[in-house]
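Input: a single structure, listed below in structure tokens.
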Amino acid sequence: MNRRIVIAGGGAAGFFAAIACAEADPSAEVVIYEATAHPLAKVRVSGGGRCNVTHACFEPRDLVQRFPRGARELLGPFTRFGPRDTIDWFAARGVELKTENDGRMFPTTDNSATIVDCLQCAATGAGVRLVTQCGIRSVARPEPAEREKKANDFVLTLTTGETVEAQRVLIATGGNKGSAGLTIAEKLGHTIIPPVPSLFTFHIDDPRLRGLEGVSVLSASTTVSGTRLRASGPVLVTHWGLSGPGILKLSAWGARELHDMDYHFTLGLNWADPLTPQQVQAGLSAERTEHPRRQVATANPFGIPARLWERLVAAAGIATNATWTHTSNDLLRALTAQIASGEFAVTGKSMNKEEFVTCGGVKLSEVNFATMESRICPGLYFAGEVLDLDGITGGFNFQSAWTTGWQAGRAMAGG
């Protein structure tokens, strides 16, 4: 009897695991059950529809530093299947990737459909069967004598009411609160770390930002008052507040703390990162000495976008037509504070575009990261965000999906 392997979830990790398993053991019957009508939906919308496949960070010890949760556990897996392997995997199937200045990697077509089509074709070519609009409601393990008689380790109940049997089951349903995969894992004995959002943007209603939608600062540092949270990177002004890699990184590292604050906190912002407040004040003093007749509102020594600079000058109490020579030391200090240590009240969060990442999920110590098999329930495997692991923005979450999916697929084929 051919081994039947069932995969719950038709996302990046589920597809990659199915392909790896079917290619490693062509005799196996590999089936993906996807609860929705749209497999690989997250792949399709990611990266603004371009799909940020991975990141050009090739040293595993550097790579794991991009993971607020799961860094230690992912070190070994990344040595076995990392970004270079991802690049080679897609290249072998006719998809070339390109690297952008910030290290993010996309298909050269700049179209996520290229990745979706590649994964679907690879799955079909390997003999994987995909069943859509049909999820898995429950997974049960029969008594040992019954398992030996039937040569099946699991009985699965589908959302249609049907039951199927399998020797191996992979949970790759994602980590959203209420996920069927988390419910199944918990009923099979696993500890679930409560999921909370990661990679989100901040709601801020502040006169310094109103009307500046689309203005971006290439290098800003962010902090959360009363915590040790700090991040740096590009920051983008949006209709609802602030976004951009610098904000998303802060939200990832602070996912649990910010959740506990109910997303109401004071954000500290240095618009002239990496300059310190002392260096900013020294720069302003030098500007006043060297260009005394220039208007402060139009003489910007730090490369801050002009419209934002004007807002910061006004917030410091400096008149629109004031020149540097008429700017007192007190006003210089006030402008320094606006530039290098501004404070903004955050009153909520939003998802980053159509993407949604959580921290939380299956407790990592209960999974063998050499195989992705459960330490509690033999024959049960996990891959992707259903685990309590998540990366910052930049292709890292997809890389962990490819890596854990590949490991789980190979292990299920050989086990």
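The values are calculated or read from the model by the stated rules, or taken from the named source; none is laboratory data. Fair warning: this is a prediction, and the values are worked out from it, not measured in the lab. We place every Cβ from the backbone using ideal geometry, glycine too, and count neighbours over all the protein chains shown.
Of the helices (runs of 4 or more DSSP H) lying entirely inside region 1-72, those containing at least 2 residues that are within 16 Å of T132 (Cα to Cα) are 12-24, 41-49.
Being in contact with a helix residue (DSSP H, G or I) (Cβ under 6 Å, 6 or more places away or on another chain) and not aliphatic (A, V, I, L, M) is the filter; apply it to region 295-304 and report the residue that is surrounded by the fewest Cβ atoms within 10 Å (Cβ to Cβ). My answer is P301.
For A92, indicate whether it is of a type in the set (A, V, I, L, M) and surrounded by fewer than 19 Cβ atoms within 10 Å (Cβ to Cβ). In short, yes. Scan region 350-365 and give yes if some residue there is closer than 19 Å to P245 by Cα, touching a residue at least 60 places away in the same chain (Cβ under 8 Å), in contact with a Pro (Cβ under 7 Å, 6 or more places away or on another chain) and assigned to a helix (DSSP H, G or I), otherwise no. Checked against the condition, which is being closer than 19 Å to P245 by Cα, touching a residue at least 60 places away in the same chain (Cβ under 8 Å), in contact with a Pro (Cβ under 7 Å, 6 or more places away or on another chain) and assigned to a helix (DSSP H, G or I), region 350-365 yields no hits at all.
Once region 305-322 is narrowed to residues that are crowded, with 17+ Cβ neighbours inside 10 Å and of a type outside the set (G, A, S), the residue that is farthest from T223 (Cα to Cα) is I318. Scanning region 104-129 for residues that are more than 15 Å from W402 (Cα to Cα) and either without any contact (Cβ under 8 Å) to a residue 60 or more places away in the chain or surrounded by 17 or more Cβ atoms within 10 Å (Cβ to Cβ) (or both) returns R104, P107, T108, T109, S112, T114, D117, C121, T124, G125, A126, V128.
Could you give every pair whose Cβ atoms fall below 6 Å, whose first residue belongs to region 36-52 and is basic (K, R), and whose second residue is surrounded by 15 or more Cβ atoms within 10 Å (Cβ to Cβ) and not in a helix (DSSP H, G or I), counting only separations of at least 6 or pairs across chains? Here the result reads K42/G11; R50/F106, each pair linking region 36-52 to a residue that is surrounded by 15 or more Cβ atoms within 10 Å (Cβ to Cβ) and not in a helix (DSSP H, G or I). Every residue in region 373-396 that is under 19 Å from A8 (Cβ atoms), under 15 Å from the mean Cα position of the chain (by Cα) and not small (G, A, S), please. Matches in region 373-396: E385, V386, L387, D388, L389. Residue pairs whose Cβ atoms lie under 6 Å apart, sitting 6 or more positions apart in sequence or on different chains, and linking a residue in region 277-288 that is within 15 Å of A340 (Cα to Cα) to a partner that is among the aliphatic types (A, V, I, L, M) and modelled with pLDDT of 95 or more, are P277/A340; V280/A272; V280/I339; V280/A340; L284/L332. Considering the conditions (1) part of a strand (DSSP E or B); (2) modelled with pLDDT under 95; (3) among the acidic types (D, E), E148 is excluded by exactly one of them, (1). Restricting attention to region 323-346, the residues that are of a type in the set (V, I, T) and surrounded by fewer than 16 Cβ atoms within 10 Å (Cβ to Cβ) total 1. A single entry from G174, G189 fulfils the requirement of being over 26 Å from V53 (Cβ atoms), in contact (Cβ under 8 Å) with a residue 12 or more places away in the chain, in a loop (DSSP other than H, G, I, E, B) and not hydrophobic (A, V, I, L, M, F, W, C): G189.
The residues listed here are L209, L248, L182, L242; of these, the one that is aliphatic (A, V, I, L, M), buried (at least 16 other Cβ atoms within 10 Å of the Cβ) and in a loop (DSSP other than H, G, I, E, B) is L209. Of the candidates G14, G10, the single residue that is touching an Asp or Glu at 6+ places or on another chain (Cβ under 6 Å) and buried (at least 24 other Cβ atoms within 10 Å of the Cβ) is G10. For I339, the conditions (1) more than 30 Å from E143 (Cβ to Cβ); (2) assigned to a strand (DSSP E or B) are fulfilled apart from (2). When you look at R137, is it under 17 Å from the mean Cα position of the chain (by Cα) and under 30 Å from T157 (Cβ atoms), yes or no? When the stated conditions are applied, R137 does not pass them. For the list (1) part of a loop (DSSP other than H, G, I, E, B); (2) in contact with a helix residue (DSSP H, G or I) (Cβ under 7 Å, 6 or more places away or on another chain), I need the number of the one condition that G214 fails. Checking G214 against (1) part of a loop (DSSP other than H, G, I, E, B); (2) in contact with a helix residue (DSSP H, G or I) (Cβ under 7 Å, 6 or more places away or on another chain), the one that fails is (2). Only a single criterion out of (1) outside the structural domain of L269 (by TED's automatic domain parsing); (2) in contact with a Pro (Cβ under 6 Å, 6 or more places away or on another chain) is not satisfied by R375, namely (2).
Across region 270-293, the qualifying residues are those that are outside any helix (DSSP H, G or I) and touching a Ser or Thr at 6+ places or on another chain (Cβ under 6 Å), and the one among them that is surrounded by the fewest Cβ atoms within 10 Å (Cβ to Cβ) is R293. Assessment of region 92-101 against the conditions (part of a helix (DSSP H, G or I), farther than 20 Å from D390 by Cβ and aliphatic (A, V, I, L, M)) yields at least one matching residue.
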